[in-house]
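What follows is calculated from the coordinates using simple rules that are stated; it is not laboratory data. These numbers come from a predicted model, not from an experiment. Here the Cβ positions follow ideal geometry from the backbone for every residue, glycine too, while neighbour counts run over all protein chains shown.
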Amino acid sequence: MLRRAVAVELEISKDISKLLYSVESAYLSIVREVVTYAVVSNITSVTQLQRLFYSKYRQEYPNLNSQLVIQAIRQAAQIAKTFLRRKRKGLVHKPYPEVRSVSIRFTEIAWSYEQFIKSIAPVRVWISPISTGKRGRGSKRFEVWLRPHKRFWQYWWKVLTGEAELASILLIKRKGGKWYAIFIFELKPKKEEPKSIVTFDINENTVAVSKIDLPTTVDKVASWNRQYMVPELYTIKTDFGRLASRYEKVRNAIIEKLKPGFALPSGKYVNVTNTREYRKQVRKLREKDRKVGRVRHVANELTKTPAIIVTEELGENPQESMIEDIMKDELRHRIKQTPFKALEKAVEDKALERGSKIFRVSSYRNSRVCPIHFTRLEETNDWHTLYCSVGHYVNRDYASVLNMAWKTTPRSWTKGVWWNMKREMNWREYEDKHNPVIPQNIVQYIHAVLKTFKASEQCPAVLARGKPMNPAGRADEGWARSPPKKEEASKALKSTY
Ligand SMILES: [Zn+2]
């Protein structure tokens, strides 16, 4: 099931705002205390935590709707669970998770869910954050008006047409001085015929893409028009690495500027990055927002039409494995800042929503082998350009995406690549393994396209975009361009061929 959260600003009176502030602070302290206890004692079972804490907090906050106490404990259990899992994997180093803010969860009994979903155009909700009766029975309803926007209506329309459902949990969250209701829509995944096969590979500053359009009649082998059977290759500029180094410079400047204010009598400095002032200034930079925007842009681009999307199998922590042998601090930092996982997740999510399927292939030798001759590629003094011993240059990223496409056709890949690598292979194992995700006729088509590509003599020219002259060192990916529009793309292809 696909989930989409939509935040809608609330229009509330000063009184209700005040009330929500106090509810939020009670809720937050429950979450914090329970999280700390759960992590220290390694107890993350919701039932156990409820048993331990429910009556304690009912007494401590007699006015709080008991539903909110239950939800706060649940939320704490989840945070603790995630934290402990990440800790076991060595991904966090702090002793406890820091819970800075929370969204208050209202279950269907604590807000007017039933009423809300019956409405054709809902513009207000009733929430019950506090209880009125003795021992917490009976609760007081507060009317809150919404400021719905286009995105909310788009999802609401889907609810009306049956393409989505509204989840019964409502989140109320404060950001700055404003309050928001967060509605969660559960979308039903679309089923569509794939129109193309898209292979993509994430790099520090670009995403390399190869696209093979599928004709409407993939089955009729005879009608495949050779002329159109050429994979389209392009790169989408993301500049994550560049963004990271720019922000790092700005952050360093902030540190230098703040330092004098935090000098100790001994002449040393307090670690400025722990100060509130530093955090405040860094927040203003909105680095994360810009990154998220770019991630969404790429995901949108890759899933425009329903497609079979092929990408590399990423490990648990792809950054770590990439920086293992990189000594330079700055480059390590930039790679760490490349949101591989986030990008993959965004693509997967959008793919599901739009009826595409995602398929992962191993990263084994993706950019080590010439996708045309299956020979081992040699390094040149330009990081992006590799040399094939048959006598042409190949762009590293394009080699990688094309080799991924080859891998969806197991037979040719194993035969072609491992044969030339003089590697002992158990052919059987690979030949008999039918690819369960991609239909056989499409696999045949991909194979045919890639073979045409292989046969074309001009292809090597397309593959080598970078000049093999750049001094090595920093991976310069500046030649990347934004994805071509339809006509431009065909023009560009023609001119390079
Ligand atoms: Zn070659």
- [ ] Take the alpha carbon gyration tensor of the stretch 1-131, find the square roots of its eigenvalues, order them as a ≥ b ≥ c, and report rounded if a/c is under 1.5; if not, report prolate when a/b exceeds b/c, else oblate.
- [x] prolate
Task: Inter-site label distance for residue 193 and residue 109 at 7 Å from Cα along Cβ, in nm - done: 5.1
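Checking the a/c ratio against 1.5 first, then a/b against b/c, what shape does the Cα gyration tensor give for the stretch 149-208?
Because a/c hits 1.5 or more and a/b fails to exceed b/c, the stretch 149-208 counts as oblate.
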Task: Pairwise centroid distance, computed over Cα atoms, of the stretch 34-109 with the stretch 242-280, Å - done: 33
